[in-house]
Amino acid sequence: MNVFITGGTGYIGNRTVDVALRQGHQVTVLTRSKEKAKELENKGVRAVIGDLLTDGDWQSAISEAEYVIHLAAPPTWGKKVTLKVARAYQEGHYQMTVCLLDNINLHRLKKLVYVAGTSYFGDSGEKEPVTESYCSRPKGWGPYIAPSVDVLSAYVDKGAPIVMAFPGQVYGADSWFPQLFLEPLSQSKPVTGLKGHNPIFSPIHVEDCARAFLFLLEQGLAGERYILVDDQPIRSADITTLSAKALQRPDKKRYVPTWLCRMLLGPVLTEYATAHTNFSNGKLKVSGFTYLYPTIQSGIESVVKEWKERAML
């Protein structure tokens with residue numbers, strides 16, 4: 001396959017590019033950075049420099065694409081997410097979605113995997129893991145990606161072969177997982193949690209997440225939604241315990257009040273951190289997808305090893 005990827009230089013996107021190359025696919029990535037473009041080309045990737053929100057060469061490239069994975073989103077990691085920041089994110093996210101879909105060639109496109117997140121479904125509760133048909137009010141980032149997800153049906157009705165992917169907490173050797181868990185524990189510092197909250201998470205290893213995107217390009221059904229999580233949800237405090245064990249460090253935790261988190265990180269991230277994301281991967285598995293790391297217990301050792309190796313470079 002010749003796969004066009006937006007957001008291919010981000011945390012999940014970078015791994016998706018690597019997996020696609022290993023599987024023998026030809027890969028085209030849209031990037032705003034000339035430096036990133038050179039890095040991509042050195043890996044054997046065709047790089048198109050541009051921005052979804054600005055007319056450019058990317059439009060002709062996307063019109064030629066048969067397979068697309070859309071991961072691009074406005075950057076927010078590391079910011080305090082105020083309501084103003086979240087609304088700007090929502091507007092940017094929606095415009096990226098519409099600009100991308102308005103430029104695809106329906107006569108050429110065979111499959112487009114659109115990546116959102118389980119926050120779209122809202123708080124799942126603590127009972128049985130819920131499925132793609134679950135209806136709730138979006139929470140955390142959910143309200144700010146909902147307009148983008150909801151507009152997809154209009155394009156599906158026009159014949160766009162869109163498959164919607166909703167990953168849970170994607171853990172790996174980059175981004176939030178090392179910052180929140182591995183770095184403090186490796187320095188014998190506590191992991192910070194919210195007092196009175198121990199929500200259920202539905203994680204997925206970044207390698208399995210990337211593999212699932214590519215699997216859905218071939219096996220996913222147009223117009224369908226697929227939740228991408230592993231076999232076993234886990235409490236957030238138990239992730240700290242697993243991380244400490246993998247690092248062979250003391251299991252240290254500290255808890256801060258919700259109001260302090262809201263003041264430091266903003267209401268959106270606080271709401272996201274307190275919601276249960278208890279989801280089922282049944283639909284993905286029935287479609288034939290198999291996991292390399294079916295649980296975080298089976299995947300955390302590989303993540304810690306990769307993280308340590310990177311730290312030594």
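Data overview
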item: Long-range HN-HN contacts of G140 with modeled amide H, under 5 Å; result: Y272
item: Cut-off 13 Å between beta-carbons: net charge of the residues surrounding G44, Lys and Arg +1, Asp and Glu -1; result: +1
item: Spatial separation of Cα centroids for region 176-202 and region 10-62, in angstrom; result: 32
item: Of G44, G193, G142, the one that fluctuates the most in a GNM where the chain has Cα springs shorter than 10 Å; result: G44
item: Accessible area of the chain belonging to carbon and sulfur atoms, whole % at 1.4 Å probe; result: 51
item: Region 129-276 - accessible surface per residue (Å², probe 1.4 Å); result: 42
item: Cα-based convex hull volume of the chain per residue, rounded to whole Å³; result: 129
item: Amide H within-cut-off set for V170, under 5 Å, with H built and near neighbours excluded; result: I204
item: Lys, Arg +1 and Asp, Glu -1 on Cβ, resulting dipole of the chain about Cα centre, debye, nearest 20; result: 900
item: Solvent accessible area, Å² - Y11, 1.4 Å probe, full protein context; result: 50
item: Ellipsoid equivalent to region 195-313 - semi-axes via the Cα gyration tensor, in Å; result: 28, 21, 13
item: q = 0.10, 0.13, 0.14, 0.20 Å⁻¹: log10 I(q)/I(0) that the Debye formula gives for region 54-204, counting C-alpha atoms only; result: -0.45, -0.74, -0.84, -1.38
item: Rh by Kirkwood over Cα pairs, then Stokes-Einstein D for region 8-119 at 0.890 mPa s and 25 °C, µm²/s; result: 164
item: Radius, Kirkwood style, for region 104-164 when every pair of distinct Cα atoms is counted (Å); result: 12.9
item: Full-stretch length increase - T192, T54 - with 0.36 nm per residue and alpha-carbon distance subtracted; result: 45.7 nm
item: Relative contact order of region 183-313, pairs being alpha-carbon contacts under 8 Å that are 6 or more residues apart, as %; result: 41
item: Total formal charge among the other residues, if their Cβ is under 10 angstrom from that of S119, Lys/Arg +1 and Asp/Glu -1; result: -1
item: Two-site label geometry, R254 and L83: point separation in nm, points 7 Å out along Cα→Cβ; result: 3.1
item: Cα→Cβ-extended label distance, 7 Å offset, between R137 and S63, nm; result: 4.4
item: Two-decimal Rg/Rh across region 158-214, once Rg and the Kirkwood Rh are taken from alpha-carbon atoms; result: 1.14
item: Relative counts (whole %) of C-alpha pair distances in region 186-234, using bins that are 10 Å wide; result: 20, 33, 28, 14, 5
item: Listed residues L284, L101, L83, most fluctuating in the chain (Gaussian network, C-alpha, under 10 Å); result: L83
item: Gain in span if fully extended, V286 to R32, counting 0.36 nm per residue against the direct Cα distance; result: 87.7 nm
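The values are calculated or read from the model by the stated rules, or taken from the named source; none is laboratory data. Computed from a predicted structure; not experimentally measured. Note that each Cβ is placed from the backbone with ideal geometry, even for glycine, and that neighbours are counted across all protein chains shown. Just the protein is used for accessible areas: all its heavy atoms, side chains included, with ligands, DNA and RNA removed. Shrake-Rupley method; radii C 1.70, N 1.55, O 1.52, S 1.80 Å.
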